[in-house]
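What follows is one structure encoded as structure tokens, with my remarks underneath.
Rule-based calculations on the coordinates, nothing more; no lab input. What you see is a predicted model; the values in this text were computed from it and never measured. Ideal geometry is used to build each Cβ from the backbone, glycine not excepted, and the neighbour counts take in all protein chains shown.
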Amino acid sequence: MFIPMELSRVLILDSSPEQFVTLAEKGGARSFAIKIGTAEAIAIERRLRGDAPPRPQTHELLESAIRALGGELEKVLIHTLDKGTFFATLLIRQQGELVEVDARPSDALALAVSRRTPIEVDEEVVRHASDERPDILPPIEAGEEDDDD
């Protein structure tokens, strides 16, 4: 079973090559962070703000290619968590058929955010990622309290 989730936070740290996005369960209490690259974090944040770059970036190019080929991104699925690595699939509707395309979660989320495409995560992934608190957690920002004290 897949759980509807939403992007709740993008954390970009100038001092680190590792950035984070947090997905939160719609109508629920569970959430978890995914470590992503700086370029992907900036692309996600830019797309959330609705900023269009002067020339297409990778995610805009892919979105244009999907549309040019008669497709529409229907859903993003994050289906697997293996040794700290998340795996995702783009579900693209093309001429009435559903096409599955393997993708990194960061790329899939960058595509999903600007068109408010549904994001769903496998129940087992949500359970493991939110209950076990992965080894790599986003750092606590100034002003936030650490729940472990």
Specify which residue in the list GLY84, LEU62, LEU7 is farthest towards the positive end of the charge dipole of the chain, using unit charges on the beta carbon of Lys, Arg (+1) and Asp, Glu (-1), about the Cα centre.
-> LEU62
With each run of n ≥ 4 DSSP H residues scored as -39500 (n - 2.57), what mean residue ellipticity at 222 nm is computed for the chain after dividing by its residue count and rounding to the nearest 500 deg cm²/dmol?
-> -8500 deg cm²/dmol
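Taking the Cα centre of region 2-131 as origin and charging only Cβ (+1 Lys, Arg; -1 Asp, Glu), how large is the dipole, in debye to the nearest 20?
That gives a dipole near 380 debye.
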Per-residue HN-Hα couplings for region 9-16, Karplus 6.51 cos²θ - 1.76 cosθ + 1.60 at θ = phi - 60°, whole Hz, x for Gly and Pro?
-> 7, 10, 10, 10, 10, 4, 8, 9
Determine ³J(HN,Hα), in whole Hz, for all residues of region 27-34 in sequence, where each value follows from phi through the Karplus function 6.51 cos²θ - 1.76 cosθ + 1.60 and θ = phi - 60°; x replaces Gly and Pro.
-> x, x, 9, 7, 7, 7, 9, 10
Neighbour-count ranking [beta-carbon atoms within 10 angstrom, fewest first] of LYS83, LYS26, LYS75, LYS35 | LYS83, LYS26, LYS75, LYS35
17 Å Cα-Cα reach of LYS83 towards lysines, excluding residues that sit fewer than 8 places from it in its own chain | LYS35
Out of PRO53, SER130, GLY28 - ranked by how far each Cα lies towards the positive end of the dipole of the chain, with unit charges on the beta-carbon of charged residues - the top one is PRO53
What residue among ASP102, ASP82, ASP122 has the largest mean-square fluctuation in a Gaussian network model of the chain, using Cα springs under 10 Å?
-> ASP82
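Would you list ILE66, ILE34, ILE42 from fewest to most Cβ contacts within 10 Å? If you can, show how the numbers build up before the last one.
Details: ILE66 19, ILE34 25, ILE42 15.
Ascending number of Cβ neighbours within 10 Å: ILE42, ILE66, ILE34.
Could you list VAL21, VAL99 in order of exposure, starting from the residue whose Cβ has the fewest other Cβ atoms within 10 Å? Kindly include the intermediate steps, with their values, before the conclusion.
Values: VAL21 25, VAL99 15.
Arranged by neighbour count, lowest to highest, VAL21, VAL99 become VAL99, VAL21.
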Between [x] 11, 40, 35, 12, 2, 0; [y] 10, 31, 20, 11, 9, 8, 6, 4, 1; [z] 12, 46, 36, 6, 0, the structure-derived P(r) over Cα pairs in 10 Å bins from 0, in percent is [x]
